[in-house]
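The values are calculated or read from the model by the stated rules, or taken from the named source; none is laboratory data. It should be emphasised that the depicted structure is a prediction, and the values quoted were computed from it without experimental measurement. Cβ placement follows ideal geometry from the backbone for every residue including glycine, while neighbour counts extend to all protein chains displayed. Protein only, heavy atoms only, side chains kept; ligands, DNA and RNA dropped before computing areas. Shrake-Rupley method; radii C 1.70, N 1.55, O 1.52, S 1.80 Å.
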Amino acid sequence: MEAADTRGRGAMSTRPARSARQPTQLMSESTKGMLFVLPALALLVVVLGFPLIGAMLQSVNLMWVDHPHFSLVPYRTLARDPAFGHALLITFYYVVCSVAFHLVTGICVALPLNRDLPFKWVFRVAALLPWTMPDAVAGMVWRFMLDPLSGFINSLLLALHVIVQPIDWLGTPHSAFASVVISEGWRAYPFVMLLLLAGLQAIPRTQYEAAEIDGANRWQCFIHVTLPNLRTILVIALVLDTISQCRVFGLIYTLTNGGPGDATTVLPILTYQENFQFFNTAYAAAMALTLAAITFIVSLPYLRLTMRQRA
Amino acid sequence: MERKFARGGKTPWLLAVAVWIAAFGLGSAARAQVTIVYGDWQLAETVSSKPLLANIKKFMEENPGITVTPQPVAQGSRDVLYGTGIRAGKGPDVFVLDQQPVTQYVDQNWIVDLSPYIANEGGAKYLSDFYPAVMRTLAVGGKVYGIPNTVSIFLLFSNMTMLHAAGIADPPKTWGEFRADAIRLTKASTPGGVIDQWGYALPLQLTGFNSRFPPFLFSWGGNLVSPDFKHSAMNSPQTRAAFEFQVDLATKDKVEPPGTVSMDFDQTRQLFAQNKLAFLFEPTSLVPNLQGIKPDIDLKQIRATALPFNPGEEAQSHTTLGYRAWFINANSAHKDEAWKLIKFMADADQVTTYYLGTAGLPARISVNFTLPQILNDPFATESVAEIPRGEVAPQIRQWPQILNFVRLNASAAISGSKTADQAIADANAAIESLLQQAAP
């Protein structure tokens, strides 16, 4: 004990700069950073890495299939399958239409909500409400409303003598597609609206005042002050919403189930059918990975933008 | 004080012994108790679940060492739930399937070969009371994978209140009569009003189309695959004629209500019960469902007859024979107890209870020809008479996908995005391609 004490005291006396914090100082900043990141990284590996690697192995017939053997047949089939090509096209049309709908509606709602209105909070809550609804529930609600025999929309139009026979909104390809875009547009526009509202609130009032002094009218203020200031946030909203819309499933599943025919069959619906209805697990995994790759490519501008801002 | 203390000293010991005995007893009972999970989509249906639960309760009373936990599942989610569960090494011990996915479950090794259990019960003799057409599809590679519960034959159900109101005395016997009657029955109930009565509806959602289109197609002598299952039969004259007939009913004759593209069988049943739809293709289980929808429904105003035929083809006409059967999960840790449950549920007494509660026709031949309630029921007797003309849909793993191709194309043709010819050509190409991919 004494020897130990002596050793300790001796060490203290010869190297006074070292203290109780000494061991942590030995660690480099990057190691410390890594230690802090490690739990999150482990979580990512578990919730993202494992399923991703599993899906990759499944898509080449090596895992979670009947007779595991390496095969690229699922990917070759993708290239030849007209159903996949069609679903890809429908997904593209759907994403373009719904994202455009969200952006236009989002900005149209965000602009008045940014003004000093009485009871502004009531309008803000009301504008946010659709976003609180789960997508599958929104699909069912719209399906009830669009039902040709008992739906609210046909009943109203018949009562107002706008139509003489019920319209089968989900029964023709174009009207079904439009119904899907409108219902998802209604449900998900608040996300874009919130982003744009945040962007609008960050625009300095002085810029509008300067424009007004220069004689700009409201439209010119919008074009030359609001839009340029919103450019970054618009790109972020565009990219995030595109990613979100590429993955749409619940609403379409409950509203049209991909029909009529395959008029609203987007890639996630087709992937679900292949996996759970036809038991083509490897093919479904190949489809899902293709969609993931497309989504990743779409997200690149967002990643670039956020990284550039951080730099 | 001392005596009190002494008494107080004994009491905890006695209590401890009592607790130990109770715990020991309970512990051994808990060790002997086996719990098995029974999965069935009919547990999720009000009418059908009652006799099932009654049978399960009776089983537990007779087998106190076995607890059965019922697991309801929506029919549309059944394969998702079971497939995901079984892949993960779990899933219910005993579950019910209809004829469609049996081949897939066998292919994936998800269900147990029941042959050893059946051999213990008498082998061929035990199976001889079940319909051979059904047993043929449950036996794959010399192994028997399921025990059938009920059989279902699709018949034409006619709402005679509507037929009589339109001056039609009897249900149609030929497809020509059917078409003419359906046109006559489609009208507005008030002169000049909105059309609110229709002749017929083929629901185009998966849970309506997949079981209703095949009987219609078979009654035309058509099929979707060749007899050797290697090629598409979509282009055969009978199949083409049947498909075009369906599309014409919807698009030219307009005898179907709007919305059939997104309807399932339940919605068409609702319309039928409300006197808004005159004809349906259904099995006898329609009857208790109608009573569930409309408790005061007059069953005398509903008639079940064989599906119509085309003149000159009556002898070839047939319908589909469907079934529900019990299977044991390959992951089950209690396969013997699971078999015990299946054997009990398949017994004539339980099958009778099930029939009385659901009108689901027993898969046991002896019950169908002896049970007074069946012999006195016009719907059941019509079904029993039709069983020999029924054919189980092709048992190939591509069948659900093939039906989906036809469903999507029928939906496209009815919604106007394709002509009937295009739809037939597209369905034919898709089926052929699928079958060629599967060819060795």
Notebook entry, point to check: Counting only residues that are among the hydrophobic types (A, V, I, L, M, F, W, C) and open to solvent by less than 50 Å² (accessible area, probe 1.4 Å), which one in segment B:66-76 is farthest from residue B:140 (Cα to Cα)?
Noted result: B:66
Notebook entry, point to check: Out of A:75, A:94, which single residue is within 20 Å of residue A:263 (Cβ to Cβ), more than 9 Å from chain B (Cβ to nearest Cβ) and in a helix (DSSP H, G or I)?
Noted result: A:94
Checklist line | Which numbered condition residue B:333 fails, given (1) within 30 Å of residue B:239 (Cα to Cα); (2) over 26 Å from the mean Cα position of the chain (by Cα) | finding: (1)
Notebook entry, point to check: Do you know which residues across segment B:248-276 are open to solvent by less than 10 Å² (accessible area, probe 1.4 Å), of a type outside the set (Phe, Trp, Tyr), touching a strand residue (DSSP E or B) at 6+ places or on another chain (Cβ under 8 Å) and under 26 Å from residue B:323 (Cα atoms)?
Noted result: B:268
Margin query: Scan segment A:149-164 and tell me whether some residue there is open to solvent by less than 30 Å² (accessible area, probe 1.4 Å) and in a helix (DSSP H, G or I).
Written below: yes
Next item on the list: Could you tell me whether segment A:30-40 includes any residue that is in contact (Cβ under 8 Å) with a residue 24 or more places away in the chain and in a helix (DSSP H, G or I)?
Entry: no
Checklist line | Set B:360, B:416: member being at pLDDT below 90, surrounded by fewer than 19 Cβ atoms within 10 Å (Cβ to Cβ) and not in a helix (DSSP H, G or I) | finding: B:416
Margin query: Please pick out the residue among A:293, A:237, A:210 that is more than 14 Å from chain B (Cβ to nearest Cβ), buried (at least 21 other Cβ atoms within 10 Å of the Cβ) and among the small types (Gly, Ala, Ser).
Written below: A:237
Checklist line | Sole residue being without any contact (Cβ under 8 Å) to a residue 60 or more places away in the chain, open to solvent by 10 Å² or more (accessible area, probe 1.4 Å) and of a type in the set (Asp, Glu), chosen from B:79, B:107, B:98, B:93 | finding: B:79
Notebook entry, point to check: On the given criteria, is residue A:267 surrounded by fewer than 21 Cβ atoms within 10 Å (Cβ to Cβ) and either within 14 Å of chain B (Cβ to nearest Cβ) or at negative phi (or both)?
Noted result: no
Item checked: Odd one out for residue B:131 among (1) under 22 Å from residue B:334 (Cα atoms); (2) crowded, with 20+ Cβ neighbours inside 10 Å; (3) among the hydroxyl-bearing types (Ser, Thr, Tyr) -> (1)
Item checked: In segment B:193-230, residue nearest to residue B:308 (Cα to Cα) [restricted to those that are within 14 Å of chain A (Cβ to nearest Cβ) and of a type in the set (S, T, N, Q)] -> B:210
Notebook entry, point to check: Can you spot a residue in segment B:381-388 that is open to solvent by 30 Å² or more (accessible area, probe 1.4 Å) and of a type in the set (Gly, Ala, Ser)?
Noted result: yes
Check: Which residue out of B:353, B:370 is polar (S, T, N, Q) and either buried (at least 19 other Cβ atoms within 10 Å of the Cβ) or assigned to a helix (DSSP H, G or I) (or both)?
Finding: B:353
Item checked: Enumeration of residues in segment B:384-415 that are of a type in the set (Gly, Ala, Ser) and touching a Gly at 6+ places or on another chain (Cβ under 9 Å) -> B:390, B:393, B:410, B:411, B:412, B:413, B:415
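Each row is one residue, and each column tells you yes or no for (1) open to solvent by 30 Å² or more (accessible area, probe 1.4 Å); (2) aromatic (Phe, Trp, Tyr); (3) not in a loop (DSSP other than H, G, I, E, B).
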| residue | (1), (2), (3) |
| --- | --- |
| B:156 | no, no, yes |
| B:179 | yes, no, yes |
| B:194 | yes, no, no |
| B:203 | no, no, no |
| B:208 | no, no, yes |
Next item on the list: Working only within segment B:28-65, note down all residues that are in a strand (DSSP E or B) and buried (at least 20 other Cβ atoms within 10 Å of the Cβ).
Entry: B:36, B:37, B:38, B:39, B:40
Next item on the list: Could you please find all residues in segment B:398-440 being among the acidic types (Asp, Glu) and more than 9 Å from every other protein chain (Cβ to nearest Cβ)?
Entry: B:421, B:432
Checklist line | Of all residues making up segment B:71-107, the number that are more than 18 Å from the chain's Cα centre (by Cα) and either part of a loop (DSSP other than H, G, I, E, B) or more than 10 Å from chain A (Cβ to nearest Cβ) (or both) | finding: 9
Next item on the list: Considering each of B:281, B:245 in turn, give the residue that is open to solvent by 10 Å² or more (accessible area, probe 1.4 Å), out of contact with any strand residue (DSSP E or B) (no Cβ under 6 Å at 6 or more places or on another chain) and away from chain A (no Cβ under 14 Å).
Entry: B:245
Next item on the list: Out of the residues in segment B:312-331 that are open to solvent by 10 Å² or more (accessible area, probe 1.4 Å) and among the small types (Gly, Ala, Ser), state the one that is nearest to residue B:82 (Cα to Cα).
Entry: B:330
Next item on the list: Could you check how many residues of segment A:245-257 are more than 8 Å from chain B (Cβ to nearest Cβ) and assigned to a loop (DSSP other than H, G, I, E, B)?
Entry: 3
Check: Given the residues A:84, A:101, A:123, which is the only one that is open to solvent by 80 Å² or more (accessible area, probe 1.4 Å) and either within 14 Å of chain B (Cβ to nearest Cβ) or not aliphatic (A, V, I, L, M) (or both)?
Finding: A:123
Next item on the list: For segment B:409-427, indicate whether the set of residues that are basic (Lys, Arg) and under 30 Å from residue A:270 (Cβ atoms) is non-empty.
Entry: yes
Checklist line | Where residue A:141 falls short, out of the listed (1) within 14 Å of chain B (Cβ to nearest Cβ); (2) open to solvent by less than 60 Å² (accessible area, probe 1.4 Å) | finding: (1)
Next item on the list: From A:183, A:175, grab the single residue that is surrounded by 16 or more Cβ atoms within 10 Å (Cβ to Cβ) and without any contact (Cβ under 8 Å) to a residue 12 or more places away in the chain.
Entry: A:175
Next item on the list: Of all residues in segment B:252-296, count the ones that are more than 17 Å from residue B:414 (Cβ to Cβ), polar (S, T, N, Q) and not in a loop (DSSP other than H, G, I, E, B).
Entry: 3
Next item on the list: Could you tell me which residue of segment A:186-201 is nearest to the other protein chains (Cβ to nearest Cβ), considering only residues that are buried (at least 22 other Cβ atoms within 10 Å of the Cβ) and under 26 Å from residue A:263 (Cα atoms)?
Entry: A:187
Check: Has segment B:297-304 got at least one residue that is surrounded by fewer than 18 Cβ atoms within 10 Å (Cβ to Cβ), part of a loop (DSSP other than H, G, I, E, B), of a type in the set (Asp, Glu) and on the phi < 0 side of the Ramachandran plot?
Finding: yes
